[in-house]
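Down below is the structure, laid out as structure tokens.
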Amino acid sequence: MHVVQLILNGLMAGTILALPAIGLTLIFAVLRFTNFALASLMTVGAYAGLVANISFGLPVYASLLAAFVVAGLVGWLCDEFVLKPFRASGFITTAIGSIALTIALENVVRFVFENQMRGYKLPLRRDLVLAGLRVDPQQLDNLAVAVLVVLVLTAFLMTTRAGKAMRAVADNPSLASIKGIDVDMVARIVSFVAMGIAGIGGMLVGLDTTVDPLVGYKTILSVFAAAVVGGLGSIPGAIVGALVVGVGEELSLLVLSPAYRTAVGFIAIFLVLTLRPRGILGARAY
Amino acid sequence: MEHYLIAMAVTAGIYAIMALGMNVIWGMAGLINLGLVGFFAVGAYTSALLTLKFGWPIAGGVIAAMIVSSLVGVIVALVTVNLKGDYLAIVTLGFAETMRIVMSNEIWLANGTDGLSGIPGPMRQQLGPHGFNLLFLGIVAVATLILFVLNERLAHSPFGRALRGIRDDEQVVQVAGKNVTRLKVKAFAFGSAALGLAGALYGHFTSYIAPDLFEPLLTLYVILALLAGGLGNNKGAVLGAVAVVFFLESTRFIMPLLPFVSAVQGAALRQMLIAAALLVILRFYTQGLIPEKIQQPALPDALQAKLQANKAEIDDVKA
């Protein structure tokens with residue numbers, strides 16, 4: 001029974017992980033670089049939600065929207081003014097630039113909110129017990145939010161003009177550009193949507209645990225693991241990868257000390273890159 | 001104040017050693033290594049543990065630290081040999097984090113988050129704090145100098161040329177019949193040894209190491225040093241390291257001038273400044289203080305003249 005409980009916990013954790021992993025993979029698919037700044041934008045989202053929830057007294061679900069909008073806007077502005085010029089000078093410059101950016105943003109948050117741990121205003125609820133399995137109702141809510149975000153994103157990508165343009169650019173940027181798609185505009189939309197989703201992900205992590213300026217940084221290795229395991233650039237891959245990494249991290253508790261949970265993500269990256277470099281559902285790796 | 005300046009000079013030397021090591025891996029071979037701090041930690045812990053727990057002499061510990069870091073570098077290089085760009089960045093970054101987690105949790109080995117204290121320094125008791133710092137400054141200076149000369153020799157050797165070839169176009173090097181994998185592994189082995197040396201020296205100088213000291217920010221400092229000085233250029237690496245330490249320390253003096261910020265805010269502000277500096281350098285000064293010179297092979301005068309004539313002709317056609 002213990003194992004089943006761990007798997008259940010892992011799936012719950014995995015669905016939260018899926019959101020930032022989708023953000024990462026979206027940016028990789030369209031803009032062709034790994035954006036390490038995602039970590040700090042998760043933190044920005046978590047704090048935006050915190051301000052909306054605590055300072056403005058909005059309910060948690062409205063605060064999630066604030067997390068999306070603020071993280072999306074900050075993500076877009078950072079991409080437009082900081083990262084975009086780097087993309088022309090190659091991936092190493094972009095990778096280092098995005099790491100510098102993430103440290104800068106994280107410290108902006110630290111400057112404003114300082115280091116203490118904070119929490120959202122949540123009603124206290126009893127754990128649900130079903131057939132001997134324990135579930136925190138908050139986790140169920142988080143699961144619902146994550147599923148909803150994925151559904152909305154899928155609808156956006158499949159039906160709207162902007163979504164289709166995004167997929168076209170991901171497929172073949174020069175062809176898309178010839179066809180009259182404004183590639184710069186698509187880049188802006190992708191940055192906004194992907195970082196907004198990462199912001200929601202950051203707030204969900206905060207709802208699950210607590211919020212401090214390192215909330216994104218502490219999760220980022222697992223997020224990368226999820227995206228790489230699933231195959232960078234593939235959205236279904238990011239979801240599958242997140243579930244695999246989430247369950248893997250929980251199951252590792254059977255054999256490893258809890259402190260090694262984050263190392264599981266690294267081991268997963270390692271295994272996937274040696275055995276199947278393009279990930280579970282990815283198309284290409286190198 | 002003099003005490004402080006000497007300690008800063010030692011720090012600058014240790015950064016210079018790291019920058020020189022990174023210059024081989026990144027500057028010459030073009031391989032991104034965001035796990036720098038992981039190798040630094042391996043070196044620091046190896047030497048500290050050997051001297052503390054097994055009573056090894058300090059020189060033995062330092063040499064062992066270089067060997068162990070180098071071996072770890074070889075392993076990382078072998079595992080990541082097929083990975084390109086972003087993937088290599090993620091794996092090396094993850095490596096450093098995993099190292100930190102291991103150091104924090106294997107209490108039997110590394111005393112967990114409390115770290116190791118009382119790491120011996122050469123003649124610390126006999127010389128007193130001032131004399132010890134001066135002696136250590138001498139040691140670090142000599143180590144930096146030796147490494148600098150080695151790096152310079154390396155840069156002008158066929159091996160160095162092949163590495164720069166890999167950086168500029170891996171396929172061409174392969175077509176020329178070079179074993180690219182072996183060259184990459186060697187570059188990692190050499191560079192990691194230097195990083196391990198820097199870690200070991202750091203431990204023996206400060207007498208205390210803990211997992212918290214090995215945060216990714218340190219990797220960023222060295223990257224900043226290399227970029228500021230001019231990537232692929234050894235003089236630039238040393239100069240950049242000195243400049244970065246100077247910059248890091250000078251931000252320390254700005255803080256007391258801002259009485260309305262708390263200690264946490266001050267630290268945050270410093271890190272913001274450092275990150276911003278890196279972004280500005282990356283964006284506007286990619287060449288660094290001393291740009292890498294493109295070496296032209298020596299040609300006979302007749303050939304040189306012919307090349308010049310050709311070039312003039314091409315320019316004419318363009319115009």
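Any read-out appearing in this document is the output of simple, stated calculations on the displayed coordinates, not a laboratory observation. This one's a predicted model, so the numbers in the text were calculated from it and none came from an experiment. Backbone-built Cβ (ideal geometry, glycine too); neighbour counts: all protein chains shown.
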The longest stretch of chain B containing none of the chymotrypsin sites (Phe, Trp or Tyr not before Pro) that sit in a DSSP loop with at most 10 other Cβ atoms within 10 Å is B:55-259
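Filter the chymotrypsin sites (Phe, Trp or Tyr not before Pro) in the range A:1-84 down to the DSSP loop ones having no more than 10 other Cβ atoms within 10 Å, then list what survives.
Working: sites: A:F28, A:F33, A:F36, A:Y47, A:F56, A:Y61, A:F68, A:W76, A:F81; in loops: A:F33, A:F36, A:F56.
Of the chymotrypsin sites (Phe, Trp or Tyr not before Pro), the ones in loops of the range A:1-84 whose Cβ has at most 10 other Cβ atoms within 10 Å are A:F56.
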With a ≥ b ≥ c from the Cα gyration tensor eigenvalues, square-rooted, and the rule rounded for a/c under 1.5, otherwise prolate when a/b > b/c and oblate otherwise, the range B:111-176 is oblate
With Cα coordinates, the longest principal axis of chain B makes an angle with the long axis of helix B:263-284, in degrees rounded to 10, of 10 degrees
Sequence order, the range A:149-161: Karplus ³J(HN,Hα) from phi using 6.51 cos²θ - 1.76 cosθ + 1.60, θ = phi - 60°, Hz rounded, Gly and Pro as x, gives 4, 5, 4, 4, 4, 4, 4, 4, 5, 8, 10, 7, 4
Net charge (Lys, Arg +1; Asp, Glu -1) of residues whose beta-carbon lies under 13 Å from that of A:I27, A:I27 excluded, is +2
The distance between the Cα centres of the range A:128-172 and the range B:1-51, in whole Å, is 44 Å
With +1 at each Lys and Arg Cβ and -1 at each Asp and Glu Cβ, the charge dipole magnitude of the protein assembly as shown around its Cα centre, to the nearest 20 debye, comes out at 780 debye
The aspartates and glutamates whose Cα lies under 17 Å from the Cα of A:K164, excluding any fewer than 8 residues away in the same chain, are A:D182, A:D184
Given unit charges at Cβ for Lys, Arg (+) and Asp, Glu (-), the dipole magnitude of chain A about its Cα centre in debye, nearest 20, is 460 debye
Given unit charges at Cβ for Lys, Arg (+) and Asp, Glu (-), the dipole magnitude of the range A:56-136 about its Cα centre in debye, nearest 20, is 220 debye
Correct response: the longest run of chain A lacking exposed trypsin sites (Lys or Arg not before Pro), defined by DSSP loop and at most 13 other Cβ within 10 Å, is A:1-120
Computed over chain A, the relative contact order (Cα-Cα under 8 Å, seq sep at least six) in percent reads 35 percent
For the B:L258, B:S117 Cβ pair and Förster radius 41 Å, calculated FRET efficiency rounded to 0.05 is 0.80
